[in-house]
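The structure appears right after this line, and notes come after that.
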Amino acid sequence: MHRREVAAVITYVGRLDPRLIRTNAGEARDQLNTWHELLDDVPMTTGQGWDVREIARKRIVSSPYPILPADVAREWYAHRRDRLARHTDPTPMADPDNPQAWRAELLAARDAVAAGQAAPAAHRGITAGRHERGLKGQSAAVDAYIPAAVRADLAPYRPARAAREAAIAAGGPDVLGVPCEWCHAAEGEPCRRRRITLDGAARGNAPRATAHPCRIDRALAARPKASVA
């Protein structure tokens, strides 16, 4: 800000907080010099949501202490950092083989954003634009937690889960969607081989490839019944 703009800011905050008013000519001059020294690189207003008067008003309302020029300067630097953090450098129009011109254009764009002369450039969405042919099928395969080809290779090592997926694909019930009353397997866990000794103690805890019959019956009962037309 120029000295005239700084003087206008001091006059404005003096109306809001009379403690800042200086009636002595020497004190007023020193106050103006101090504020101008700290706010020399702070703009009065920008077209991107910055206004010194609004910052000063909020500061006076929120703090019982007299506002200082350093308070306004800190708000401006925080405003600059936030804008630059939301900015993505666009590809310069300069020749890439000319690193000086390339760098100068990047710095000029950043300076314009930091000074409030231009809005931050946001990231472009990766889904913007038209999709290429075959991309939908690739996206479906990638979006799956485990692709179909890998799932088929893992089937011999996950017999219970493979049986569950095959049953669901065939229209059967999700047997692992309910707990098992026989082996006390939790929902989502395969059934266990539960063996009871003569004294009533449980032995054996190997997972089963198939669910217990009572669990299958419970899964069938838990299926939503189809409405009859």
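For the structure I just gave you, tell me whether THR11 is in contact with a strand residue (DSSP E or B) (Cβ under 6 Å, 6 or more places away or on another chain) and under 29 Å from ALA114 (Cα atoms). No: the conditions fail for THR11.
Would you check which residues across segment 156-171 are among the basic types (Lys, Arg) and either in a helix (DSSP H, G or I) or touching a strand residue (DSSP E or B) at 6+ places or on another chain (Cβ under 7 Å) (or both) and list them? Listed by number, the residues that qualify are ARG161, ARG164.
We did not get these values from a lab; they are worked out from the coordinates using the rules stated. These figures come from a predicted structure and were not determined experimentally. Positions of Cβ are generated from backbone atoms using ideal geometry, with glycine treated the same way; all protein chains shown enter the neighbour counts.
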